[in-house]
Amino acid sequence: MPPLDTKTRGRTSRGRLRALDAFLCRFERPLLERRDGPWAHAVFVDVGFGEHPWTTLESAQAFRALNPELAVVGVELDAERARAAQADADARTSFREGGFALPLRPDEPARLVRAMNLLRQGAPERVPEVHRTLTRYLLPSGLLVEGSADATGAVMAAHLLRRGVGEGAELPLREALLFHTDFSLGFAPMLFRDWLPRDLRRRVRPGEPIHDFFSAWSAAWQQARTLGHTHPPDAFREAALGLSARMEGVATDPWLLSQGYVVWRPKGGVCF
Ligand SMILES: C[S@@+](CC[C@H](N)C(=O)[O-])C[C@H]1O[C@@H](n2cnc3c(N)ncnc32)[C@H](O)[C@@H]1O
């Protein structure tokens with residue numbers, strides 16, 4: 001099976017992951033702020049920052065509004081990109097060459113690991129192995145975010161995986177799927193299909209649970225449009241409310257729905 005950790009062109013753009021930062025600042029605030037015990041030294045790791053460390057630096061700024069001392073580590077498979085990023089390093093921000101075997105010191109547990117836009121190629125069957133590998137660096141209850149976004153960050157979809165607490169803690173729970181759009185491309189649920197995390201992208205077909213999810217979302221969207229909700233933000237909000245009536249675990253938080261986020265957090269996790 002082809003490996004998933006391959007160097008790619010490294011394309012990135014400023015603001016691409018800003019919506020993810022905003023979501024995490026709002027809903028993972030305790031995780032970002034915690035400073036008790038090992039959390040005092042717990043880092044945010046951005047795996048595969050690309051040809052410029054823009055998204056790492058933007059996240060560092062957003063998260064440090066909550067935790068000014070937060071240490072941030074950008075990791076990149078491409079040695080030249082890791083070297084060039086040294087120009088942006090400072091006392092709390094480092095850039096290191098490395099892969100999924102993260103180049104962290106023993107006194108640097110992770111609170112949050114982000115791996116966005118790097119599993120674009122390779123065998124989808126290997127994704128769980130990558131999730132398990134990256135989860136090992138997290139403190140109990142730490143979070144792994146893995147997914148994709150389009151070039152500008154207009155559309156994004158990601159797995160939220162939580163490291164458990166206690167027995168079996170090293171295994172990641174697929175806690176939720178997160179979707180976001182800024183509406184600049186309009187809205188229809190299928191907008192997200194091409195930006196699904198690697199292991200789900202080819203599985204939106206009959207018989208697959210992710211197909212059932214999108215069928216329910218599309219039906220709710222069609223119904224919203226029939227009722228006159230055609231303006232994209234309006235259609236999005238109504239469709240999300242309709243989806244929440246059809247699928248257990250879809251969040252109806254007003255901020256999420258007004259800002260273009262759907263969070264699906266079924267009891268027991270996303271089991272596929
Ligand atoms: C498309 S860029 C994404 C940049 C940024 N994360 C973003 O979302 O805009 C992907 C980068 O990930 C790097 N990469 C791929 N696999 C990796 C791995 N296992 N560990 C670290 N970096 C990796 C590639 O070399 C490339 O520079």
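Structure summary
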{"item": "Breaking point among (1) of a type in the set (Lys, Arg); (2) in contact (Cβ under 8 Å) with a residue 60 or more places away in the chain; (3) farther than 28 Å from residue 261 by Cα, for residue 105", "result": "(2)"}
{"item": "Selection count, the stretch 94-131, where residues are of a type outside the set (Asp, Glu) and either loosely packed, with under 15 Cβ neighbours inside 10 Å or in a loop (DSSP other than H, G, I, E, B) (or both)", "result": "18"}
{"item": "Those residues of the stretch 159-192 which are in a loop (DSSP other than H, G, I, E, B) and touching a residue at least 12 places away in the same chain (Cβ under 8 Å), in sequence order", "result": "164, 165, 166, 169, 170, 171, 182, 183, 185, 187, 188"}
{"item": "Count of residues meeting criterion [within 16 Å of the ligand (Cβ to nearest atom), among the charged types (D, E, K, R) and part of a helix (DSSP H, G or I)] in the stretch 27-78", "result": "1"}
{"item": "Matching option when the condition is more than 11 Å from the ligand (Cβ to nearest atom) and more than 26 Å from residue 30 (Cα to Cα), among 85, 123", "result": "123"}
{"item": "Criterion: under 20 Å from residue 32 (Cα atoms), of a type in the set (D, E, K, R) and in the same structural domain as residue 26 (by TED's automatic domain parsing) - qualifying residue of 126, 174, 96", "result": "174"}
{"item": "Hey, residue 134 outside any strand (DSSP E or B), at pLDDT 95 or above and crowded, with 22+ Cβ neighbours inside 10 Å or not", "result": "yes"}
{"item": "Residue under evaluation residue 109, criteria (1) touching a Pro at 6+ places or on another chain (Cβ under 9 Å); (2) modelled with pLDDT under 95, criterion not met", "result": "(2)"}
{"item": "Sole exception among (1) modelled with pLDDT of 95 or more; (2) near the ligand (Cβ under 9 Å from one of its atoms) for residue 103, by number", "result": "(2)"}
{"item": "Conditions (1) away from the ligand (no atom under 16 Å from the Cβ); (2) buried (at least 23 other Cβ atoms within 10 Å of the Cβ); number of the one not met by residue 139", "result": "(2)"}
{"item": "Counted residues, the stretch 43-95 - those being in contact with a helix residue (DSSP H, G or I) (Cβ under 9 Å, 6 or more places away or on another chain), within 23 Å of residue 136 (Cβ to Cβ) and of a type in the set (A, V, I, L, M, F, W, C)", "result": "11"}
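Let's see how each residue does on (1) among the aromatic types (Phe, Trp, Tyr); (2) within 25 Å of residue 16 (Cα to Cα); (3) away from the ligand (no atom under 16 Å from the Cβ):
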{"site": "130", "(1), (2), (3)": "no, yes, no"}
{"site": "157", "(1), (2), (3)": "no, yes, no"}
{"site": "162", "(1), (2), (3)": "no, yes, yes"}
{"site": "170", "(1), (2), (3)": "no, no, yes"}
{"site": "196", "(1), (2), (3)": "no, yes, no"}
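The values are calculated or read from the model by the stated rules, or taken from the named source; none is laboratory data. Since this is a predicted model, take the numbers as computed values, not measurements. FYI the Cβ positions are ideal-geometry reconstructions off the backbone, even for glycines, and counts take in every protein chain you see.
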